[in-house]
Amino acid sequence: MLTHEKKRGTMTVRLTGDLDHSTAGRIREELDELISDPGIRRLVFDLSGLTFMDSSGIGMMIGRYKAMMRRGGSIAVQPGNAQVDRLIELSGLYQIIEKLA
């Protein structure tokens, strides 16, 4: 599930439940619509409610990272679940995406 909040050019997206091959496509579509607003300069993924993520979630995040970079924007992750955080770390995403404390 995806909920969002927009404040001064920052779109914070809170993901809950599972982010896997069966949910990533729908979430990708929702996110693309949300960030189509050119006023969005920063995308923050709040993963504190995520219970599971697989490589489909990594792919979805990389795609949104590329979209934000094309417009000179930025992206960050608010980690949650230790297993999800570890997957992001092992994938190397934290080398290109900011990890919030």
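Readers should treat all values here as calculations from the given coordinates under stated rules, not as data from a laboratory. A quick note: this is a predicted structure, and the numbers were derived from the prediction, not measured. No Cβ is skipped: glycine too gets one built from the backbone with ideal geometry, and neighbour counts run over all protein chains shown.
Amide H contacts of residue 46: 13, 14, 15, 78, each under 5 Å away and 5 or more positions distant or on a separate chain (H built 1.01 Å from N in the peptide plane; Pro and chain starts excluded). Building the convex hull from the alpha-carbon atoms of the stretch 2-99 and averaging its projection over directions returns 5.3 nm². Distances between placed amide hydrogens fall under 5 Å for residue 75 paired with 43, 98, all partners being 5 or more residues away or on another chain. Note: relative contact order over the chain, using C-alpha pairs below 8 Å and six or more positions apart, is 27 percent.
Converting phi to 3J(HN,Hα) with the Karplus coefficients 6.51, -1.76 and 1.60 and the offset θ = phi - 60°, the stretch 63-73 yields x, 6, 4, 4, 4, 5, 5, 4, 9, x, x Hz in sequence order, with x at every glycine or proline. Using the Cβ-Cβ distance between residue 55 and residue 101 with R0 set to 22 Å, the FRET efficiency works out to roughly 0.30.
With no solvent and one point per C-alpha, what does the Debye sum give as log10 I(q)/I(0) for the stretch 37-77 at q = 0.21 Å⁻¹? Relative scattering, expressed as log10 I(q)/I(0), comes to -0.69.
Remark: relative contact order (the stretch 48-101) = 46 percent; criterion is Cα-Cα distance under 8 angstrom and separation of 6 or more residues.
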